[in-house]
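*Asks:* Below is one structure. I have some questions about it.
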Amino acid sequence: MENHYLDAPPPPTRSARFGSLWRHRDFMRLWVGQTISQFGSTVTREALPYTAILALHASPVQMGLLNAASTAPLLILGLFAGVWVDRLRRRPLMIAADLGRALLLCSIPFAFLMGWLHIAQLYFVAILAGILTVFFNVAYHTALPTLLAHEDLVEGNSKLGISDALAEIAGPPVGGALVQFISGPLTLLLDAISFLCSAVLLARIRTPEPPPAPPVAQPRVWPELVAGLGVVWANPLLRAMASSSAIRNFFGWFFGAIYGLYAIRVLGFGTATLGLVVACGGIGSFLGALVAAPVARRCGIGPAIVSALLISAGGSALIWLAGASAALALPLMVASQIVGDAAMTVASIHQLSLRQTTTPDHMLGRVSAAMQVLGEGIGTLGMLTGGIMAELIGLRPTVGVAVLGIAVGSLWALATPLRHQHILPNQPPKQV
């Protein structure tokens, strides 16, 4: 397929054949920094709500507001973040975001020790840290192509996916244990330290970063924002991934509102059992990150994405089936986590690699932001809708609606040009 959006050749970096990214010093700095940071962030995901519950005795309404404060910045500011990421150098922006988040998190244990901690401070920290996270994530997803050649992006994204999976496996139990032994506010210091480590390692990266567009060439924010959405709409591959992601995430995030309630009230799980089930999702993600590159080599990157989305939809269906049999509930839920998360990790790695190679460097920030808003941002609306629907029609019927919606999003991808895209754009065909 002819691609009109790649005006520049890939960055002049060393090829990482046969896994030689282990010898790519700058990539290893990025990888190690993000592994530490992801672990700390997963711990914070547990420690921040526990701080509200245990230290401040937060009400259900206050907990809902705290969750919304963490997720709303992407939906509100995601597209604007993309514009600014394209105007600035990305690594300094990532370093500033890391330092800012470390400072914000340090304010919580300080206020706790001084006896000043209030729920309003948690809202404030959640909102500001959420804003910095939006900017960091947009810049982070656009920085890898400046370090690696296009043919190495799948391997690089797979290794970063392994870090996410390991953090998902270890973070929740470690976070829960630390909260129990040293309290939630003090546990947040661990994430603050992880952000500092990430900032130091990012600062040590030596690969030159392409300069942003000169100020005289930058129009107002709104035209740039619209231009980013225009690139997504005009490119068949990006449009296919965005539309499928919007559908899948809107319905998939129903589970964000009701998963725990469904597992406890419908399936009869205890909190310890539920924690182990969720940790199995991290194991699935780890396996998915390991097999992502081999799957693409054997099937092609587009067929790998579509197949993984369909398998992930099947994994979601197991959640609904678990409600029909008490004896099979636990194995079905474990299988759903492992199979569904493994497949979704494969799809996510290849979608990210395809986005990075399909988009010109000067548009990567806006396109990345648009894709995140259409995915995770729309997912926030899905979370609210799922909670309301569960109140109206019940938990298991709502799970059924979520499963059907996820299936529609996956089948949508099957009907797009994705299934015909066997290699990354600008990547030479494999020699037989």
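*Asks:* Can you confirm whether His362 is within 26 Å of Pro73 (Cα to Cα), surrounded by fewer than 19 Cβ atoms within 10 Å (Cβ to Cβ) and not small (Gly, Ala, Ser)? Before you say what the answer is, go through the steps one by one.
*Replies:* Numbers: within 26 Å of Pro73 (Cα to Cα): yes; surrounded by fewer than 19 Cβ atoms within 10 Å (Cβ to Cβ): yes; not small (Gly, Ala, Ser): yes.
In short, yes.
*Asks:* Here is a further query. Could you please give the count of residues in the range 395-413 that are open to solvent by 70 Å² or more (accessible area, probe 1.4 Å) and closer than 19 Å to Arg239 by Cβ?
*Replies:* Taking the range 395-413 first, the residues open to solvent by 70 Å² or more (accessible area, probe 1.4 Å) are 404, 408, 411-412.
Now restrict to residues that are closer than 19 Å to Arg239 by Cβ: 408, 411-412.
Residues meeting the conditions: 3.
*Asks:* Also, quick follow-up: Just to be sure, is Ser325 polar (S, T, N, Q) and surrounded by fewer than 19 Cβ atoms within 10 Å (Cβ to Cβ)?
*Replies:* yes
*Asks:* Can you tell me which condition Trp320 does not meet? The list is (1) touching a Lys or Arg at 6+ places or on another chain (Cβ under 8 Å); (2) open to solvent by less than 30 Å² (accessible area, probe 1.4 Å), and all the others hold.
*Replies:* Tallying (1) touching a Lys or Arg at 6+ places or on another chain (Cβ under 8 Å); (2) open to solvent by less than 30 Å² (accessible area, probe 1.4 Å), Trp320 fails exactly one: (2).
*Asks:* Which condition number in (1) at pLDDT 90 or above; (2) open to solvent by 60 Å² or more (accessible area, probe 1.4 Å); (3) β-branched (Val, Ile, Thr) is the one that Ile247 fails?
*Replies:* The one condition Ile247 does not meet is (2).
*Asks:* So which residues in the range 258-298 are closer than 20 Å to Ser325 by Cα and either touching a Cys at 6+ places or on another chain (Cβ under 8 Å) or of a type in the set (Val, Ile, Thr) (or both)?
*Replies:* The answer is Ile258, Ile264, Val266, Thr271, Thr273, Val277, Val278.
*Asks:* Looking at (1) in contact with a Gly (Cβ under 8 Å, 6 or more places away or on another chain); (2) buried (at least 21 other Cβ atoms within 10 Å of the Cβ); (3) not aliphatic (A, V, I, L, M), which is the only condition Arg101 fails?
*Replies:* Going through the list (1) in contact with a Gly (Cβ under 8 Å, 6 or more places away or on another chain); (2) buried (at least 21 other Cβ atoms within 10 Å of the Cβ); (3) not aliphatic (A, V, I, L, M), Arg101 breaks only (1).
*Asks:* Could I ask something else about it? Taking the options Ala192, Ala165, Ala203, Ala177, name whichever one is open to solvent by less than 10 Å² (accessible area, probe 1.4 Å), out of contact with any strand residue (DSSP E or B) (no Cβ under 8 Å at 6 or more places or on another chain), farther than 30 Å from Ala296 by Cα and aliphatic (A, V, I, L, M).
*Replies:* Values: Ala165 fails: farther than 30 Å from Ala296 by Cα; Ala203 fails: open to solvent by less than 10 Å² (accessible area, probe 1.4 Å); Ala177 fails: open to solvent by less than 10 Å² (accessible area, probe 1.4 Å).
Within the list Ala192, Ala165, Ala203, Ala177, the selection yields Ala192.
*Asks:* Further question: Would you mind telling me which numbered condition in (1) within 20 Å of Ser243 (Cβ to Cβ); (2) open to solvent by less than 10 Å² (accessible area, probe 1.4 Å) Val373 fails?
*Replies:* Here Val373 meets the rest and fails (2).
*Asks:* Tell me which of these Thr142 doesn't satisfy, since it passes every other one: (1) open to solvent by less than 50 Å² (accessible area, probe 1.4 Å); (2) over 27 Å from Thr71 (Cα atoms).
*Replies:* Condition not satisfied by Thr142: (2).
*Asks:* Starting from residues that are of a type in the set (Val, Ile, Thr) and open to solvent by 10 Å² or more (accessible area, probe 1.4 Å), keep the ones in the range 288-317 and report whichever is farthest from the chain's Cα centre (by Cα).
*Replies:* The selected residue is Val295.
The values are calculated or read from the model by the stated rules, or taken from the named source; none is laboratory data. Bear in mind that the values here come from a model prediction, so they are computed numbers and not experimental data. A quick note on method: Cβ atoms are made from the backbone with ideal geometry, for glycine too, and the neighbour counts reach across all protein chains shown. Side chains are part of the model used for accessible areas, which takes the heavy atoms of the whole protein and leaves out ligands, DNA and RNA. Shrake-Rupley method; radii C 1.70, N 1.55, O 1.52, S 1.80 Å.
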